[in-house]
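Data first, discussion second: the structure below is written as structure tokens.
The values are calculated or read from the model by the stated rules, or taken from the named source; none is laboratory data. This structure is a prediction, so every number in the text was calculated from the model and none was measured. Here Cβ is always computed from backbone atoms with ideal geometry, including for glycine, and neighbour counts include all displayed protein chains.
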Amino acid sequence: MKKKILTGLQPTGVITLGNYIGAIKQMVEMQEEYESYLFVADLHAITVPQDPVELKKNRRSLIALYLACGIDPKKNHIFFQSENEYHANISWLLECNTYFGELSRMTQFKDKSQKHQNFTAGLFTYPVLMAADILAYDVDYVPVGIDQKQHVELARDIAERFNKKFGTTFKIPEPLIKENATKIYDLVDPTKKMSKSEENPKGVIRLLDPLDVVRKKIMGATTDSLMSIKYDPENQPGISNLINIYSAMTNKNYSEIEDEFKDSNYGTFKKAVADSVVSTLEVIQKDYNTYLNSSELDDILDSGREFSRKIAKEKFEDMKEKMGFSRK
Ligand code: ATP
Ligand code: LTN
């Protein structure tokens with residue numbers, strides 16, 4: 001039997017090159033070998049305020065982007081989290097087996113709650129819903145960027161505790177974080193994560209940015225005065241970030257890249273990085289528009305919803321039975 005992988009992205013805006021490299025690209029590379037689940041985490045998106053019109057647009061756009069990035073609907077179960085009610089149902093049962101203290105330690109909650117004056121209870125319990133997303137399907141691996149590692153580890157802790165208390169119910173998942181995809185940084189401030197919700201557009205590459213703008217952003221990326229193309233995140237964060245991007249785009253490793261550019265200046269290197277990103281995005285953007293308006297997209301979502309509901313329902317019923325919710 002094939003091992004299973006699963007990941008989700010939030011429809012909180014047009015996704016970035018960081019999201020692509022950290023999550024989607026890994027899924028594309030693994031889809032041949034694994035049974036794959038890829039969903040749109042729209043219930044997670046509303047943990048911070050969303051405009052309903054924008055949310056509706058971003059949800060569909062994200063599915064079209066998955067397909068345009070090379071996600072094969074024949075090899076992936078693709079669905080909206082909100083169309084599978086068992087995620088929220090399972091989440092409640094798990095919430096009552098998760099400690100307040102555990103959730104208080106989540107660094108993403110600490111960061112995001114500081115950014116909003118009035119943050120929701122959902123922002124606090126968000127990692128439990130994420131645990132439900134993962135545990136419902138008994139997945140083996142969860143491809144994510146490093147910012148999500150703590151949440152996957154929490155899912156493991158919750159699963160282990162539940163298994164001990166009620167008998168084996170869940171498979172224990174593992175985060176899957178690729179060396180060159182751990183975290184892509186902002187091009188202007190390479191100490192900060194490249195983030196969808198960043199307001200300054202200069203340091204963030206979005207998959208649907210015009211290609212000349214993408215090129216400009218990369219050519220204008222912050223570097224340093226050391227004039228050497230070496231992977232050294234501590235002393236050369238800007239260059240190391242560009243090396244990571246180039247590595248992800250070309251599948252070359254760090255030493256191959258250092259060797260390729262050992263006699264080059266930063267301008268030449270940046271141009272090569274820009275070429276590699278632009279040629280990847282060119283293909284994605286061309287396919288995106290075709291998928292966005294196709295009826296195929298709805299067929300894919302219908303079958304993803306039905307398949308995922310069937311599996312998650314079984315898990316929900318099993319949990320309820322074990323917790324004492326059966327009539328007899
Ligand atoms: P926001 O900026 O709104 O907080 P986000 O981009 O951090 O959003 P998601 O859309 O939920 O959050 O992220 C989807 C996936 O992309 C996750 O697996 C996350 O780890 C990964 N990811 C996000 N940003 C980066 C990045 N800069 N580098 C590598 N992976 C990333
Ligand atoms: N929390 C994630 C998105 C997400 C996810 C998941 C990722 C929701 N459910 C399950 C992997 C597995 C984020 O903000 N990046």
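Does VAL213 satisfy being under 18 Å from GLN26 (Cβ atoms), β-branched (Val, Ile, Thr) and outside any loop (DSSP other than H, G, I, E, B)?
Numbers: under 18 Å from GLN26 (Cβ atoms): no; β-branched (Val, Ile, Thr): yes; outside any loop (DSSP other than H, G, I, E, B): yes.
No, not satisfied.
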Query raised in the report: Out of (1) closer than 30 Å to LYS216 by Cβ; (2) under 19 Å from the mean Cα position of the chain (by Cα), the odd one out for ASP189 is which?
Result: (2)
Query - Evaluation of ASP302 against (1) closer than 20 Å to ASN76 by Cα; (2) of a type in the set (D, E, K, R); (3) assigned to a loop (DSSP other than H, G, I, E, B) (one fails), failing number - result: (3)
Query raised in the report: Which pairs do you get when a residue that is under 16 Å from LEU6 (Cα atoms), found in the range 295-312, comes within reach of a residue that is modelled with pLDDT under 95 and surrounded by fewer than 18 Cβ atoms within 10 Å (Cβ to Cβ), reach meaning Cβ atoms under 6 angstrom, with the pair 6+ apart or on two chains?
Result: none
Report summary line: Among residues of the range 10-28 being within 6 Å of ligand 1 (Cβ to nearest atom) and aliphatic (A, V, I, L, M), the residue surrounded by the fewest Cβ atoms within 10 Å (Cβ to Cβ) is ALA23
Query raised in the report: If only one of GLY220, GLY167, GLY203 is under 21 Å from SER247 (Cβ atoms), exposed (fewer than 15 other Cβ atoms within 10 Å of the Cβ) and modelled with pLDDT of 95 or more, which one is it?
Result: GLY220
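Can you work out which of the residues in the range 176-191 that are near ligand 1 (Cβ under 9 Å from one of its atoms) and surrounded by fewer than 22 Cβ atoms within 10 Å (Cβ to Cβ) is farthest from VAL142 (Cα to Cα)?
Taking the range 176-191 as the starting set, the residues that turn out to be near ligand 1 (Cβ under 9 Å from one of its atoms) are 177, 181-186.
Still in the list and also surrounded by fewer than 22 Cβ atoms within 10 Å (Cβ to Cβ): 177, 182-183.
Details: ILE177: 8, THR182: 13, LYS183: 15 Å.
Among residues in the range 176-191 that are near ligand 1 (Cβ under 9 Å from one of its atoms) and surrounded by fewer than 22 Cβ atoms within 10 Å (Cβ to Cβ), the one farthest from VAL142 (Cα to Cα) is LYS183.
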**Report entry** Residue in the range 1-22 that is nearest to PHE170 (Cα to Cα), counting only those that are within 10 Å of ligand 2 (Cβ to nearest atom) and at pLDDT below 95
**Finding:** GLY22
Query raised in the report: Of the residues in the range 137-175, how many are within 10 Å of ligand 2 (Cβ to nearest atom) and of a type in the set (A, V, I, L, M)?
Result: 5
Query - Tally, over the range 23-47, of residues that are in contact (Cβ under 8 Å) with a residue 40 or more places away in the chain, assigned to a helix (DSSP H, G or I) and away from ligand 2 (no atom under 13 Å from the Cβ) - result: 3
